[in-house]
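Novice: Below are the structure tokens for one structure; questions will follow.
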Amino acid sequence: MKRLGFISILAVFFCASCFTQNGKQTDVITGKYWKNQVVKDILPYWTNLAQDTLNGGFFTTLDSVWKPFGDTRKYPSMLSRHVFGYSVGYLLSGDQHYLDIARKTVDYLLDHAWDKEYGGWYDVLDEQGNPLETTKNMFIQVYSTTGLAMYYFVTRDPRVLEYVEKSNHLIEANAWDQDFGGYYNKMTRDWKVLDSTKSISSEITPVSGYLLYLYQATHEEKYLDQCRKILDMITRQMIDPESDWVLESFSREWQYQPGAQNETEISPGHNIEVAWMLYRYYLITGRTDYLDRANRLGAKLFQFCNQPDLNFWYNSVGRLNPEQTADITYWWVQAYGIMFDLISYRIQNQNKYLDDYRKGASFWDSCFVDRKNGDTQFSVLTNGKVKEALKANQFKASYHNAENGMLNYLYLNAWVNKEPIELYFYLSGDRGDKPFYASPIEGNDLMIKSIETDNKSTVILSKDRLSANIKGKNNTRLKVTLITN
């Protein structure tokens with residue numbers, strides 16, 4: 001479909017006005033808006049309507065008004081995404097109830113979803129939490145680890161880090177192709193290769209899901225080394241020499257496997273994800289070769305993958321004919337697009353990216369956020385109308401919306417408004433002499449202004465105020481204030 005003209009103009013008036021149902025104008029350029037979205041518009045609905053109080057965990061499929069239907073199985077990846085969402089809720093608010101739900105869901109995962117004989121995460125559980133499919137799908141393995149990584153960031157719980165490390169080690173030892181590089185898509189229960197094909201969702205997700213957050217918590221180089229290996233492999237093997245897009249699916253030997261719709265199989269969401277991770281890696285390392293790769297891909301994304309009047313990020317574009325677009329996008333694609341606008345503003349320091357962000361975030365506010373029923377719509381058309389309104393399936397949980405709110409809050413306060421950031425932590429376990437790092441975003445843009453504790457723990461800030469040494473009792477609550485460096 002060609003880029004829309006008259007419909008897009010109508011949608012500008014429909015969506016970009018950014019008014020809530022009570023008629024009060026919202027300001028998507030403020031960090032407070034995004035923090036409030038997580039703790040008021042997103043998580044309370046999952047808390048009150050989505051938890052399976054009989055069997056544990058969360059319901060998998062929920063309709064537009066949070067009624068369970070259809071698939072009653074449970075996916076460890078989806079449950080872990082809720083761990084991520086509720087860990088973020090505590091990080092932003094200090095509300096103990098959010099951390100309690102995150103901890104309870106961690107316990108459920110470790111009790112039911114972890115394969116105690118071979119290690120790793122079962123692909124599917126039944127409604128009561130018993131193993132139903134014991135294979136090891138890469139997508140499930142990675143996202144089952146993602147929530148634990150954010151929980152570790154908030155708590156520094158050594159028990160959880162142990163499972164994160166074991167999971168990552170099993171992936172590296174068994175799912176990484178030692179001959180041709182890249183992660184296989186699927187393994188058997190005892191970690192033999194079941195599906196040797198490779199997909200972009202299997203390759204990039206360790207970076208975006210947990211490796212960068214683990215690095216932010218620990219500053220251990222091994223996580224950066226793994227990120228570099230993955231990013232190098234993606235840019236070497238998965239970028240189409242004919243179109244310069246990141247492609248979706250490959251054979252073991254990196255032969256491209258076109259999808260059923262050859263001309264509309266490019267995923268802007270996955271291309272954004274790759275460019276975004278390259279930028280984040282650059283902010284940590286200063287490596288300009290990664291900056292150059294991100295800039296090339298980013299230029300294509302801004303040229304072809306969003307409707308410019310609205311900054312609506314398309315769900316798909318044509319591989320050789322990028323003017324061929326779908327008039328639909330999904331919640332996670334639009335969320336990635338507006339976060340990419342902000343990191344592009346940070347890198348390029350050009351107001352046009354901030355203008356794009358305002359438009360895309362306004363579309364999100366008016367067309368995706370569901371202020372009647374809570375959380376967000378599943379998919380929306382370019383004219384602002386809801387296409388799919390379900391709240392949850394095996395891919396949609398609280399994760400993407402919580403991360404979107406968290407990072408927009410951090411990005412705006414750090415890079416745009418230069419306002420203080422308040423984060424909350426609950427440190428558990430013996431920390432030894434390990435430094436405490438508080439910033440979830442890459443680079444040295446933020447430094448610690450102050451740390452308040454709920455007990456008599458001793459806090460010693462490093463000279464550069466990028467970390468602290470915290471000595472004292474376990475189970476220490478912290479309120480950390482970060483300011484622009």
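Novice: List the pairs whose first member sits in segment 121-141 and is within 24 Å of Ser249 (Cβ to Cβ) and touching a residue at least 60 places away in the same chain (Cβ under 8 Å), whose second member is charged (D, E, K, R) and part of a helix (DSSP H, G or I), and whose Cβ atoms are under 9 Å apart, counting only residues at least 6 apart or on separate chains?
Specialist: Close Cβ pairs satisfying both conditions: Met138/Glu203.
Novice: While we're here: Does any residue in segment 298-315 that is closer than 17 Å to Met277 by Cβ come within less than 9 Å, Cβ to Cβ, of a residue that is aromatic (Phe, Trp, Tyr) and part of a loop (DSSP other than H, G, I, E, B) six or more places away or on a different chain, and which pairs are these?
Specialist: So the pair list comes out as Lys300/Trp245; Cys305/Tyr314.
Novice: May I ask you to verify whether Arg280 is farther than 23 Å from Asn185 by Cβ, of a type in the set (D, E, K, R) and under 21 Å from the mean Cα position of the chain (by Cα)?
Specialist: yes
Novice: Further, regarding this structure: Within segment 348-384, can you find the residues that are in a strand (DSSP E or B) and of a type in the set (S, T, N, Q)?
Specialist: Thr376, Ser379
Novice: Now for a separate question. Tell me, which residue of segment 109-129 that is within 12 Å of Gly57 (Cβ to Cβ) and either β-branched (Val, Ile, Thr) or in a loop (DSSP other than H, G, I, E, B) (or both) is farthest from the chain's Cα centre (by Cα)?
Specialist: Gln128
Novice: A further question on this structure: Tell me yes or no: at least one residue of segment 148-156 is crowded, with 23+ Cβ neighbours inside 10 Å, more than 30 Å from Lys434 (Cα to Cα) and in contact with a Ser or Thr (Cβ under 7 Å, 6 or more places away or on another chain).
Specialist: Checked segment 148-156: no residue is crowded, with 23+ Cβ neighbours inside 10 Å, more than 30 Å from Lys434 (Cα to Cα) and in contact with a Ser or Thr (Cβ under 7 Å, 6 or more places away or on another chain).
Novice: Mind listing just one residue for me: the one in segment 137-170 that is within 24 Å of His400 (Cβ to Cβ) and not in a helix (DSSP H, G or I) and, of those, farthest from the chain's Cα centre (by Cα)?
Specialist: Of everything passing the filter in segment 137-170, Asp157 is farthest from the chain's Cα centre (by Cα).
Novice: Turning to a different aspect of this structure: Taking segment 65-108 only, how many residues are touching a residue at least 60 places away in the same chain (Cβ under 8 Å), surrounded by fewer than 24 Cβ atoms within 10 Å (Cβ to Cβ) and under 19 Å from Val164 (Cα atoms)?
Specialist: Qualifying residue count for the region: 1.
Novice: Could I ask something else about it? Which members of segment 283-297 meet the condition of being closer than 13 Å to Gln348 by Cα and either hydrophobic (A, V, I, L, M, F, W, C) or crowded, with 23+ Cβ neighbours inside 10 Å (or both)?
Specialist: Hits for segment 283-297 are Leu283, Leu291, Ala294.
Novice: In segment 358-378, how many are crowded, with 18+ Cβ neighbours inside 10 Å and either at pLDDT below 95 or of a type outside the set (D, E, K, R) (or both)?
Specialist: 13
Novice: May I pose another question? I'm checking my understanding of the structure. Among residues of segment 191-210 that are of a type outside the set (Val, Ile, Thr) and not in a helix (DSSP H, G or I), which one is surrounded by the most Cβ atoms within 10 Å (Cβ to Cβ)? Please lay out each step first, then the result.
Specialist: Just the residues of segment 191-210 that are of a type outside the set (Val, Ile, Thr), to begin with: 191-192, 194-196, 198-199, 201-203, 206, 208-210.
Those still in the list that are not in a helix (DSSP H, G or I) too: 191-192, 194-196, 198-199.
Numbers: Trp191: 17, Lys192: 10, Leu194: 14, Asp195: 16, Ser196: 15, Lys198: 27, Ser199: 22.
Top of the filtered list is Lys198.
Novice: Of these, Arg346, Arg358, Arg371, which one is within 19 Å of Pro44 (Cα to Cα) and either among the charged types (D, E, K, R) or in contact with a Gly (Cβ under 9 Å, 6 or more places away or on another chain) (or both)?
Specialist: Working: Arg346 fails: within 19 Å of Pro44 (Cα to Cα); Arg358 fails: within 19 Å of Pro44 (Cα to Cα).
Only one candidate qualifies: Arg371.
Novice: Moving on. For segment 23-67, give me each residue that is among the hydroxyl-bearing types (Ser, Thr, Tyr), at pLDDT 95 or above and over 23 Å from the mean Cα position of the chain (by Cα).
Specialist: Thr53, the sole residue that qualifies.
Novice: Further question: Quick check on my filter: what residues within segment 171-181 are crowded, with 20+ Cβ neighbours inside 10 Å and over 21 Å from the mean Cα position of the chain (by Cα)?
Specialist: Asn174, Ala175
Novice: Given the condition hydroxyl-bearing (Ser, Thr, Tyr), closer than 14 Å to Leu92 by Cα and buried (at least 17 other Cβ atoms within 10 Å of the Cβ), answer yes or no: does some residue in segment 435-447 qualify? Step through it out loud before you land on a result.
Specialist: First, the residues of segment 435-447 that are hydroxyl-bearing (Ser, Thr, Tyr): 437, 439.
Adding the requirement that they be closer than 14 Å to Leu92 by Cα leaves 439.
Still in the running and buried (at least 17 other Cβ atoms within 10 Å of the Cβ): 439.
Within segment 435-447, one or more residues are hydroxyl-bearing (Ser, Thr, Tyr), closer than 14 Å to Leu92 by Cα and buried (at least 17 other Cβ atoms within 10 Å of the Cβ).
Every residue, every condition in (1) over 17 Å from Leu170 (Cβ atoms); (2) touching a helix residue (DSSP H, G or I) at 6+ places or on another chain (Cβ under 9 Å), yes or no:
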residue	(1), (2)
Pro76	no, yes
Tyr86	yes, yes
Asp95	yes, yes
Arg103	yes, yes
Tyr122	no, yes
Gly129	yes, yes
Leu132	yes, no
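Novice: Ok, one more. Of the numbered conditions (1) of a type outside the set (Phe, Trp, Tyr); (2) surrounded by 15 or more Cβ atoms within 10 Å (Cβ to Cβ); (3) modelled with pLDDT under 95, Ile9 fails exactly one; give the number of that condition.
Specialist: Here Ile9 clears every test but (2).
Novice: Something else now. So which pairs qualify, if the first residue must be in segment 242-257 and touching a residue at least 40 places away in the same chain (Cβ under 8 Å) and of a type in the set (A, V, I, L, M), the second must be surrounded by fewer than 12 Cβ atoms within 10 Å (Cβ to Cβ) and not in a loop (DSSP other than H, G, I, E, B), the Cβ gap must be under 9 Å, and the two must be at least 6 apart or on different chains?
Specialist: none
Novice: While we're here: Quick one: in segment 385-412, which of the residues that are surrounded by fewer than 21 Cβ atoms within 10 Å (Cβ to Cβ) and in a loop (DSSP other than H, G, I, E, B) is farthest from the chain's Cα centre (by Cα)?
Specialist: Lys385
The values are calculated or read from the model by the stated rules, or taken from the named source; none is laboratory data. Note that the coordinates shown come from a computational prediction; the quantities given were computed from them, not determined experimentally. With ideal geometry, Cβ positions are generated from the backbone for all residues, glycine too; neighbour counts draw on all protein chains shown.
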